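These notes are about the structure you will find just below.
The values are calculated or read from the model by the stated rules, or taken from the named source; none is laboratory data. Keep in mind that this is a model prediction, so the values were computed, not measured. Note: ideal-geometry Cβ built from the backbone for every residue, glycine included; neighbour counts use all protein chains shown. Side chains are part of the model used for accessible areas, which takes the heavy atoms of the whole protein and leaves out ligands, DNA and RNA. Shrake-Rupley method; radii C 1.70, N 1.55, O 1.52, S 1.80 Å.
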Amino acid sequence: MRKILIVGAGHAGLHLAHGLLTHGYDVTVITGQSSMEIRTGKPSISQFTLPTALNYEREHDLDLWSALAPQIREEKVHLYPGGGKPLVSFKGRTGKDNDYMVSVDRRVKMADWLEYFEDRGGKVVIHGVTVTDLDYFSRMFDLIIVAVGHGELGQLFDYDESRFSGARPRSIAQAYVYDVWPDEQGEENIGWAASAADAGNINFMPILAQDGPCHTLMMVDKRGGPMDAWPDRPGPEEQLRRMKDLLRSYAPEYFERAKDAVLVDGRNSTLVEDLTPQVRNPVGVLPSGGRVLGMADVVVTMDPYVCQSWNNSTRCAKAYLESIIEHGDREFDEEFLVGAFDRFWEFGLHNQLWSEMNSTMWDAGDLPPHFYELIDAANAHPEVGNRWIGGWDYPPDFSTWLLDPELARQYMAEVRARNGS
């Protein structure tokens, strides 16, 4: 039985650990936090679990919360051009037929997955890990996968500008809140997302937190932008007050829904974080010459506004699992490590392009002209809005229409022809 060590109990690492366990591998997860420490710790950046990723979780009996979490079937997007130009918006379905996406507090999800992994017979070691430790472990395990990217372990993986060179520092603020006014024109569990030319980006979505359903309000802006308003790291109540002030100024529709919002927990409901999206070389070299494989956020960090981190991590776990199974009893050499990452990167590249577009769409001072045409089409023909929102589940589709003005106009002509308009 092949022995595999996964360092880190995050979304990607635990998804892969469960998959390997299902297929009979001897799997050890080493993490610096116990499930209780994860459960009672600080919040992390909120993420969606999109329909396809949710189905992958179900394959390994990992969808533990859909009966409890708000099922998000509709998303509304607001774009604020600034300069006196009016707001433009559209909405779409998050999936086909009865598909939906959910958002679950990372503390709940990771703690439950870690405990479930141990219940299933997986080995869990609660301990910090250094590069020297990995050197020692490399003599005990057939393969080491690093799923934690901070500290000295993250330094094993060099930045890879051949894959992505658009690093843009981001400032993130987030709050879990109750008492949100409903969208009177949308479904009960609708998600909202906004981008403002004069400020940053906003996500406002239902989520399952530790005490039940609530909303998460997240703001993302470039370093030094109007929504980077947290240099003094304010306390939770002051942070929420400033977030409401920013909504009043840059996204008044969001302020109207959040004006009476209160924090779920006065101590552990907010976060302020800085992040710089980057792509790194997936293979880390240990002092002894051994190789380790980085995965998901360790080697591909996304702009948090697009909420694609868990989509990326699920696809990465699936690609790595398939690669490991297909590799059989052969040595996990560097060719295998690079090949496993490349298998994931076929998806991840398009996700990065989608993230890049969202990060730069106001750089020319306004939206690309074909975006206004697409928004008009989405409001006239629901299938356009549905394809746009549905593409969050599978960003490679965007390269076939949305990201190319000519392909977008060709698609809109086809839609109008089908609908006799």
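Details
- DSSP-loop trypsin sites (Lys or Arg not before Pro) across the range 105-180, with at most 11 other Cβ within 10 angstrom: 139
- In this view, the solvent-accessible surface of residue 116, computed with a 1.4 Å probe and all protein chains in place, comes to about 70 Å².
- Mean shadow area of the range 262-421 over all directions, Cα convex hull, nm²: 14.9 nm²
- Out of every Cα-Cα pair that the range 158-244 contains, those further apart than 21 angstrom amount to 43 percent.
- Cross-link pairs exceeding 31 Å between alpha carbons, from the set 42/222; 244/318; 222/259; 85/222; 109/222; 76/109: 244/318.
- Each of 295, 357, 1 has its accessible area taken with a 1.4 Å probe; listed largest first, they run 1, 357, 295.
- Helix screen, the chain: DSSP H segments with Cα axial length of 30 Å or more and mean Kyte-Doolittle hydropathy at least -1.0 are 334-360.
- The chain, relative contact order [Cα under 8 Å, separation at least 6], %: 22 percent
- For the range 316-405, the carbon plus sulfur part of the accessible surface works out to 52%, probe radius 1.4 Å.
- Accessible area per residue was computed with a 1.4 Å probe on protein heavy atoms; residue 326 scores about 120 Å².
- In the elastic network of the chain, a GNM with C-alpha springs shorter than 10 Å, the most mobile of 350, 78, 327 is 327.
- Among 311-318, 43-50, 257-264, the order from most to least packed when residues are scored by Cβ within 10 Å on average: 311-318, 43-50, 257-264
- Kirkwood Rh (inverse of mean 1/r, distinct Cα pairs), the range 220-356, angstrom: 18.0 Å
- For the chain, the fraction of C-alpha pairs farther apart than 33 angstrom is 33 percent.
- Average accessible surface area per residue within the chain, 1.4 Å rolling probe, Å²: 41 Å²
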